[in-house]
Amino acid sequence: MKTNKQNLPDKNGFYGDFGGKFVPETLMYALEQLETTYTKLKDNNEFKEKFYSDLSEFVGRPSPLYFAERLTKHYGTGSIWLKREDLNHTGAHKINNTIGQILLAKYMGKKRIIAETGAGQHGVATAAVAARLGLECHIYMGSEDVERQSLNVYRIKLLGAHVHAVNSGSATLKDALNEALRDWVTNVDNTYYIIGSVTGPHPYPMIVRDFNSVVGEELISQSKELFSAMPDAIVACVGGGSNAMGAFYPFISMNETRLIGVEAGGEGVETGEHAAPLNDGIPGVLHGALSYLMQDEKGQVKETKSVSAGLDYPGVGPEHSWLKDSGRAEYVAVSDDEALRAFHEVSELEGIIPALETAHAFAYLDILMKEYDSSANIIVNLSGRGDKDINTVAEIDGIKL
Amino acid sequence: MNRLTETLANLKQQNKKALVAYLVAGDPDIETTIDLMHLFVEAGVDAIEIGVPFTDPIAEGPVIQRAHDRALKNNISLKDIYSMVEIFRNKDSSTPLILMGYLNTFMFHKKIIEENKNSAIDSILVVDIPGELNLNDYGIKSSSINTISLISPTTKQDRIESIAKNSSGFVYYVTLRGVTGASNLDSNEISNNVNEIKKHASVPTLAGFGIKSASDASLLSKHSDGIIIGSSIVQMIEQNSVTKEFDRIREYITEIKQAIS
């Protein structure tokens, strides 16, 4: 939870031109209350101790920075290192943020927890921390995602939470967020909304980033220890952008490290059928923040396309928009096919089945590794494990389980 | 003078309460929306709030969400809505018209809003911007339209003051914690908050969200300068969108109008 010298967002929640607080009036007070609470607690020693001890004892942090020997050989250039967020309890980076936010909820005396989820990882991570504190928990999930992530739906239910399938709009992550916001407007007095990415109105993008930046902080010390230098590049997939933001944030002022976000190219960015707003979007307002957004010529939000439920989102966290425009980070996209190929390749070469989201980051190594020689150290943020995606991949491969 | 400001001032002078009715532009189609707007006025509506369809209307309950979806199937844009209003104005040059929608759509059509041909639109209500701000703060400059700000039961006192002062046209008091069409009105809370708003606002205070029956209407009009009805009408539009027989809406508006007079 270190603050970076960039010192963003500003007091209104803006990262340059992006961010802000665009919500119905009923939520304004709740956001102010959250900001006040967070500002008070983030530097409080007792709170920090509790956060880090939960990360250690419940999540299993720190996660290893692992040398990917066969993948490195496969490309034959720089060393590839994997930040093993897939080894976290519940199987992805999402738990880092929920551990922090549930402490805020507890401190604020909220008895009811809500969250949205796409791939289901944030739903599982939220249900797990809510169960641990005995809090009522409701997870909103697009009905299309309920189908393609059925394993995670059952995990959420096993953890005692309620899953609400959302049928409106495109029935994916964006619509789950709409519905969670509507729930929050209605039950704002007793409910804490744990947003799962660096999206939404201020202060959420900041809070989620700060809790997740434990990943980047560990990377700094692990890089020193393992290869005595800062990495040449960090590669992470970007949907809303929480795993990337957590890895990137502590490195923002270290210009020697390239920060590369990989968006979901779906059928290919040129086809328009994708979920890559930083590559092919225009600034707009969705879910409380101004950021790059996939929208049509009438200002309506476009439906997205990605094989990965967790990246299937038309918006992106405002700080990523700022990092893009300021030139500090690069944002690229890979297609469904490329991600699927990487999914299989990493599984076979490294003995690790990555999440389909993460497979996007791996797929970009095909291009990136050509730019480096053997002295380079490249980190891939292995944001989650792929068990949840097995049904999807089997179906694509024509295999009946 | 702005039609909305004028109409509300006249009503106040006559000690009458304002009735504002809502529909979504293009639900079920533009022609029907124009017919319904005229029907509203004939039945006694003082001002019309036109919902601007958006893909992600986070403040709306299921009834109005479905109306947005129906309108979007017809590809309705803000440009189409201004053309629709032009047709409406051929027959009705006096009824105040308010656009209600989400910031993204308005930001995308700055020019049309700034132009506001023949001052056809009187006011804009943006659901998802903080009440202290208005369209000017987002680079949309128009002297012919005023901005209606929302105040809700969770708005704290210091903000009530600054929002009430910022609102032109009227202050929109959201009567409940929830989305449009919900039903959990708390009469005491409403009267306390509206009284607080009135201390600071130079414009009238109207109450909306959650008004279903004539008795809801009657109760809320006692505390406020008028009321806004939406979901119940949109539901009737939905139920009759095939036959386009809207007599029930006429009766309903008449009933509500009586309840608040």
## Note on the structure
Going through region A:31-59 in order, the residues found to be open to solvent by 10 Å² or more (accessible area, probe 1.4 Å) and within 14 Å of another protein chain (Cβ to nearest Cβ) are A:32, A:33, A:35, A:36
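Among A:117, A:191, which is the only one that is away from chain B (no Cβ under 14 Å), open to solvent by less than 10 Å² (accessible area, probe 1.4 Å) and hydroxyl-bearing (Ser, Thr, Tyr)? Give the steps one after another, and end with the answer.
Values: A:191 fails: away from chain B (no Cβ under 14 Å).
Among A:117, A:191, only A:117 is away from chain B (no Cβ under 14 Å), open to solvent by less than 10 Å² (accessible area, probe 1.4 Å) and hydroxyl-bearing (Ser, Thr, Tyr).
Hey, among B:194, B:127, B:179, which residue is more than 11 Å from chain A (Cβ to nearest Cβ) and either closer than 21 Å to residue B:218 by Cα or in contact (Cβ under 8 Å) with a residue 40 or more places away in the chain (or both)? Step through it out loud before you land on a result.
Details: B:127 fails: more than 11 Å from chain A (Cβ to nearest Cβ); B:179 fails: more than 11 Å from chain A (Cβ to nearest Cβ).
Sole residue among the options that is more than 11 Å from chain A (Cβ to nearest Cβ) and either closer than 21 Å to residue B:218 by Cα or in contact (Cβ under 8 Å) with a residue 40 or more places away in the chain (or both): B:194.
Among the residues of region B:235-257, are any under 22 Å from residue A:24 (Cα atoms) and in contact with a strand residue (DSSP E or B) (Cβ under 7 Å, 6 or more places away or on another chain)?
Within region B:235-257, the subset under 22 Å from residue A:24 (Cα atoms) is none.
Within region B:235-257, none of the residues are under 22 Å from residue A:24 (Cα atoms) and in contact with a strand residue (DSSP E or B) (Cβ under 7 Å, 6 or more places away or on another chain).
Does residue B:56 count as within 14 Å of chain A (Cβ to nearest Cβ), more than 17 Å from the chain's Cα centre (by Cα), more than 27 Å from residue B:255 (Cβ to Cβ) and not in a loop (DSSP other than H, G, I, E, B)? Write out each step before concluding.
Numbers: within 14 Å of chain A (Cβ to nearest Cβ): yes; more than 17 Å from the chain's Cα centre (by Cα): yes; more than 27 Å from residue B:255 (Cβ to Cβ): yes; not in a loop (DSSP other than H, G, I, E, B): no.
For residue B:56, the condition - within 14 Å of chain A (Cβ to nearest Cβ), more than 17 Å from the chain's Cα centre (by Cα), more than 27 Å from residue B:255 (Cβ to Cβ) and not in a loop (DSSP other than H, G, I, E, B) - is not met.
Taking the condition touching a strand residue (DSSP E or B) at 6+ places or on another chain (Cβ under 8 Å), of a type in the set (A, V, I, L, M) and assigned to a loop (DSSP other than H, G, I, E, B), does residue B:20 pass?
Numbers: touching a strand residue (DSSP E or B) at 6+ places or on another chain (Cβ under 8 Å): yes; of a type in the set (A, V, I, L, M): yes; assigned to a loop (DSSP other than H, G, I, E, B): no.
No; evaluated as a whole, the condition is false for this residue.
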### Message
Among the residues in region B:221-229, are any within 20 Å of residue B:127 (Cα to Cα), open to solvent by 10 Å² or more (accessible area, probe 1.4 Å) and touching a Gly at 6+ places or on another chain (Cβ under 7 Å)?
### Response
no
### Query
If residue A:220 passes every condition in (1) open to solvent by 10 Å² or more (accessible area, probe 1.4 Å); (2) farther than 23 Å from residue A:79 by Cβ; (3) in a helix (DSSP H, G or I) but one, which one does it miss?
(2)
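Using the structure shown, decide if residue B:218 is among the small types (Gly, Ala, Ser), in contact with a helix residue (DSSP H, G or I) (Cβ under 6 Å, 6 or more places away or on another chain) and not in a loop (DSSP other than H, G, I, E, B).
Details: among the small types (Gly, Ala, Ser): yes; in contact with a helix residue (DSSP H, G or I) (Cβ under 6 Å, 6 or more places away or on another chain): yes; not in a loop (DSSP other than H, G, I, E, B): yes.
In short, yes.
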### Message
Within region B:134-154, take every residue that is within 11 Å of chain A (Cβ to nearest Cβ) and surrounded by fewer than 24 Cβ atoms within 10 Å (Cβ to Cβ) and give me the one that is nearest to residue B:204 (Cα to Cα).
### Response
B:153
### Query
If a residue has to be in a helix (DSSP H, G or I) and farther than 29 Å from residue B:1 by Cβ to count, how many in region B:62-113 make the cut?
14
### Query
Which residue pairs have Cβ atoms closer than 7 Å, lie 6 or more positions apart in sequence or on different chains, and pair a first residue in region A:146-172 that is in contact (Cβ under 8 Å) with a residue 12 or more places away in the chain with a second residue that is open to solvent by 50 Å² or more (accessible area, probe 1.4 Å) and assigned to a loop (DSSP other than H, G, I, E, B)?
A:170/A:303
### Query
What's the number of the condition residue A:188 fails, among (1) out of contact with any helix residue (DSSP H, G or I) (no Cβ under 6 Å at 6 or more places or on another chain); (2) farther than 25 Å from residue A:341 by Cβ?
(1)
### Query
Quick one: is residue B:91 out of contact with any helix residue (DSSP H, G or I) (no Cβ under 7 Å at 6 or more places or on another chain), more than 30 Å from residue A:183 (Cα to Cα) and open to solvent by 10 Å² or more (accessible area, probe 1.4 Å)?
no
### Task
Could you please give the count of residues in region A:269-293 that are in contact with a Pro (Cβ under 9 Å, 6 or more places away or on another chain) and more than 9 Å from every other protein chain (Cβ to nearest Cβ)?
6
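Scan region B:94-124 residue by residue and report those that are of a type in the set (D, E, K, R), more than 14 Å from chain A (Cβ to nearest Cβ) and open to solvent by 10 Å² or more (accessible area, probe 1.4 Å).
If we filter region B:94-124 for residues that are of a type in the set (D, E, K, R), which is where we start, we get B:110-111, B:114-115, B:117, B:122.
Next cut, more than 14 Å from chain A (Cβ to nearest Cβ) only: B:114-115, B:117, B:122.
Those that are of a type in the set (D, E, K, R), more than 14 Å from chain A (Cβ to nearest Cβ) and open to solvent by 10 Å² or more (accessible area, probe 1.4 Å): B:114, B:115, B:117.
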### Task
Check region A:143-160 and report whether any residue there is in the same structural domain as residue A:104 (by TED's automatic domain parsing), touching a strand residue (DSSP E or B) at 6+ places or on another chain (Cβ under 9 Å) and under 24 Å from residue A:31 (Cα atoms).
no
### Task
Output the number of the condition that residue A:15 fails; it satisfies all remaining conditions of (1) closer than 19 Å to residue A:97 by Cα; (2) away from chain B (no Cβ under 14 Å); (3) open to solvent by less than 20 Å² (accessible area, probe 1.4 Å).
(1)
#### Entry: Counted residues, region B:52-87 - those being open to solvent by less than 60 Å² (accessible area, probe 1.4 Å), among the hydrophobic types (A, V, I, L, M, F, W, C) and farther than 19 Å from residue A:186 by Cβ
10
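The values are calculated or read from the model by the stated rules, or taken from the named source; none is laboratory data. As the structure is a computational prediction, the values presented were derived from the model and not from experiment. Positions of Cβ are backbone-derived with ideal geometry, glycine not excepted, and every protein chain shown enters the neighbour counts. To get the accessible areas, we keep the full protein, side chains included, count just its heavy atoms, and leave off ligands, DNA and RNA. Shrake-Rupley method; radii C 1.70, N 1.55, O 1.52, S 1.80 Å.
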